[in-house]
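The values are calculated or read from the model by the stated rules, or taken from the named source; none is laboratory data. Keep in mind that this is a model prediction, so the values were computed, not measured. With ideal geometry, Cβ positions are generated from the backbone for all residues, glycine too; neighbour counts draw on all protein chains shown.
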Amino acid sequence: MEKKFKFKIENDVYDHESQFITGAEVRSVGPGIPQNMDLFVKVPGSPGRLVKNEDSIDLGEPGIEKFYSQESRSEAGI
């Protein structure tokens, strides 16, 4: 049986067939995350890291990767 990799978007858990997932793939899961929202992955002990559509995230790391979105800002740092 092929291993499935788990990740979260907000509080919902999803399975993925591959160890790596792109930002675009995360955006297409479940109800989807629109392009006008920024996508982040939580990093323990640090602020969330911005995930671009072409970025690849390793789901094979210990623990479950947690993604969240928030409204895009027109200016950095605001």
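Just a few scattered comments:
- Selection of the stretch 1-15 for residues being surrounded by 13 or more Cβ atoms within 10 Å (Cβ to Cβ) and under 18 Å from Phe40 (Cα atoms) yields Phe7, Lys8, Ile9, Tyr14.
- For the stretch 32-58, filtered to residues that are at pLDDT below 95, of a type outside the set (S, T, N, Q) and over 13 Å from Tyr68 (Cα atoms), the residue that is surrounded by the most Cβ atoms within 10 Å (Cβ to Cβ) is Pro44.
- Search result, residues across the stretch 18-31 that are of a type outside the set (Phe, Trp, Tyr) and either surrounded by 11 or more Cβ atoms within 10 Å (Cβ to Cβ) or modelled with pLDDT of 95 or more (or both): Ser18, Gln19, Ile21, Thr22, Gly23, Ala24, Glu25, Val26, Arg27, Ser28, Val29, Gly30
- The stretch 31-74, subset in contact (Cβ under 8 Å) with a residue 40 or more places away in the chain and among the aromatic types (Phe, Trp, Tyr), residue nearest to Gln19 (Cα to Cα): Phe67
- Filtering the stretch 1-13 to residues that are assigned to a loop (DSSP other than H, G, I, E, B) and either in contact with a Ser or Thr (Cβ under 9 Å, 6 or more places away or on another chain) or small (Gly, Ala, Ser) (or both) leaves only Glu10.
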